[in-house]
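What follows is a set of notes on a single structure, which appears directly below.
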Amino acid sequence: MIHILEPTPDPLQAWLAERGVPGFRFRQIRHWLFTGRAASFEAMSDLPKSLREELPGSFSLWTMRVVDHKKTEDGTEKLLLELSDGQQIECVLLRDGVRRTICISTQVGCAMGCVFCASGLAGVARNLTAGEIVEQMLLLDRLLPADERLSHIVVMGMGEPLANLDALLPALAEASSPTGLGISARRITISTVGLPPAIERLSRENCRFNLAVSLHAPDDHLRDQLVKVNKNIGLGDILQAADAYFEASGRRLTYEYVLLAGLNDQVEHARRLAALLRGRTALLNVIPYNPVAGLPYRTPSGAAVDRFVEVLRAAGINVFVRERKGSKIDAACGQLRRANMLASKTPPEPTPLELA
Ligand code: SAH
């Protein structure tokens, strides 16, 4: 069985050509998948019956099963999906004014080792395929009423997107294609822990997307403790690669900073962060920590967040404090999957770093 949403190289086109099916059928099928929101091949009502019957013999359309679907009053919906090999991932639909934003995953688990994040606690199991990434988009799109369309994508779900560019780039090409979901690359944001060679590859191959870089600390000493992979990288190289992406793309960068009470939220951290970002065309996205069961990290008080932000604003940094949308349904990275793992069998043992 071939996943019909697997774009590299397009197996459907080859399959149709082998059978002498005219080219417009390919366009019709794509239209049903991306715009017509068909639930099955059978539902593609303007295809010949023979084609509708033959397609499911060679292609699977849905390879994932929705094992949990949570909704909140603010319109956030979160899907916990079981993949064909039994692994689980999460993805989210966020409603904000007229925006319909989806947050998608790129890996099962994560290998970057951010100590406060639920996704990486059990390491990485595997990369998602491009088809699996596109399937998340289509499942979330189908949660919308007929007169609404997805407007934005953030690649901020489980996993490190830049560690799976081979699948992510073809999946995002489908998202931004006029015959796919038609979401402009300007409305697609890739969030990364900061992998310089992969940022450089993105600068070369496709710098139309927005880039968000997760910093979480103003110096390598603290970042080594909060983001384990930093020990092999370092802030200097990350900022240099991000600057080069900005040069190539002309798009304002975003830096993300998860605020952890007592660890990286002090005035001194804000001062050093301001010094690091001064002179850079960047937006700083401050994210008060969303607590993860079993981990010792805490959300700073509102006053602590304000104090932190004030120091940065006074230094001329463009700061935005991210609303905690969907926190009630464990909408932060990897939390629903973890809650599910904990509720079922053997939970992965968290090894939170003791920060004195
Ligand atoms: N691996 C990528 C993208 C996934 S996480 C990255 O590191 O950017 C997306 C953002 O959510 C990151 O900035 C991450 O640090 C943050 N995050 C993870 N767990 C969180 C939590 N419990 N509370 C708040 N933010 C969290």
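The values are calculated or read from the model by the stated rules, or taken from the named source; none is laboratory data. As the structure is a computational prediction, the values presented were derived from the model and not from experiment. No Cβ is skipped: glycine too gets one built from the backbone with ideal geometry, and neighbour counts run over all protein chains shown. Side chains are part of the model used for accessible areas, which takes the heavy atoms of the whole protein and leaves out ligands, DNA and RNA. Shrake-Rupley method; radii C 1.70, N 1.55, O 1.52, S 1.80 Å.
Couple of notes before you dig in:
- Residues in segment 39-53 that are surrounded by 15 or more Cβ atoms within 10 Å (Cβ to Cβ) and in contact (Cβ under 8 Å) with a residue 12 or more places away in the chain: Phe41, Met44, Leu47, Leu51.
- Residue in segment 71-93 that is of a type in the set (Ser, Thr, Tyr), open to solvent by less than 40 Å² (accessible area, probe 1.4 Å) and out of contact with any Lys or Arg (no Cβ under 9 Å at 6 or more places or on another chain) present: no
- Failed condition for Arg37, given (1) more than 23 Å from Leu128 (Cβ to Cβ); (2) in contact with a Lys or Arg (Cβ under 8 Å, 6 or more places away or on another chain); (3) at pLDDT 95 or above: (1)
- Matching residues, segment 70-113, being assigned to a loop (DSSP other than H, G, I, E, B) and at positive phi: Gly75, Gly86, Gly97, Gly113
- Which listed residue is surrounded by 21 or more Cβ atoms within 10 Å (Cβ to Cβ) and over 26 Å from Met1 (Cα atoms), from Ile153, Ile104: Ile153
- Taken together, the criteria place Arg201 among residues that are on the phi < 0 side of the Ramachandran plot, more than 15 Å from the ligand (Cβ to nearest atom), under 19 Å from the mean Cα position of the chain (by Cα) and open to solvent by 50 Å² or more (accessible area, probe 1.4 Å).
- Scan of segment 115-152 for residues that are closer than 23 Å to Tyr257 by Cβ and within 13 Å of the ligand (Cβ to nearest atom), ordered by number: Val115, Phe116, Cys117, Ala118, Ser119, Gly120, Leu121
- Filter result for Leu5 (under 30 Å from Val98 (Cα atoms) and either open to solvent by less than 40 Å² (accessible area, probe 1.4 Å) or touching a Gly at 6+ places or on another chain (Cβ under 8 Å) (or both)): yes
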